[in-house]
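The values are calculated or read from the model by the stated rules, or taken from the named source; none is laboratory data. What you are looking at is a predicted structure, and each value in this text was computed from that prediction instead of being measured. With ideal geometry, Cβ positions are generated from the backbone for all residues, glycine too; neighbour counts draw on all protein chains shown. Areas reflect the complete protein model, heavy atoms only, side chains present, ligands, DNA and RNA absent. Shrake-Rupley method; radii C 1.70, N 1.55, O 1.52, S 1.80 Å.
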Amino acid sequence: MNLNLATLVLALGLAIGPAMAETGWKASMFGLTPIPASYGTELKRLPAPDLSATLRADALTGGITEDWLMAQPAPSGDAEWQCLTEALYFEARGESLEGQIAVAEVILNRKDSPLYPRTVCGVVRQRVGSDCQFSYVCNGRTKMREREAADLAGRIARAMLDGAPRLLTEGATHFHTRGVRPGWSKRFPRTASIGAHVFYRQPGSRG
């Protein structure tokens, strides 16, 4: 019995040998030889990515930077442009570029929503009873005294009306300063927090 087993093993070995030579098979394929490690000791573990890193401003604003805005021709436009410029000046001129663009997004999101007037001027001048949607309207302010801030607001308004992407507020229709907490802020989904403002989207505002 042992002799027959030894004969069988020898025969298999003689058969496998030529087959391996002809096909390029390796003995390691049959588990006969351990495969050496293919990496060297000089390899180092890569550091974990920093997921908390802040995105560049132009990544957040669709490529718009203050330098790009200032390189454009002096802004001008119709009543819609004037209304958006005034709204940005009086509501957000102390904010960063992202903060001002975010407020522009809110106004344009409202204009595009079936829940609000269909023009920029209609949105910013809208009243609910004796209350204004934008406080500067009720205060009767229209004179933009800070020339540089007014110029930047006009440039932002021009870019946004010309179709700049709205990437900051996820369709927000409302915002408030951090120092207040209006009742609707408890009901509407919060979409962003930029500078002094917190942004929300009214359910159903997208139609």
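Structure notes:
- Rounded to the nearest 10 square angstrom, residue 186 shows an accessible area of 150 square angstrom against a 1.4 Å probe.
- Environment charge at residue 90 (Cβ cut-off 14 Å; Lys +1, Arg +1, Asp -1, Glu -1): +1
- Prolate/oblate/rounded label for region 79-207 (Cα gyration tensor, a/c 1.5): rounded
- With a cut-off of 14 Å on the backbone N, the residues of region 88-120 near the modelled label site 7 Å out from residue 68 along Cα-Cβ are 97-98, 101.
- Protection-proxy order for peptides 188-194, 174-180, each taking the mean of Cβ atoms within 10 Å per residue, highest first: 188-194, 174-180
- Packing order of peptides 159-166, 198-205, 97-104, highest average first: 97-104, 198-205, 159-166 (average count of other Cβ atoms within 10 Å over each peptide's residues).
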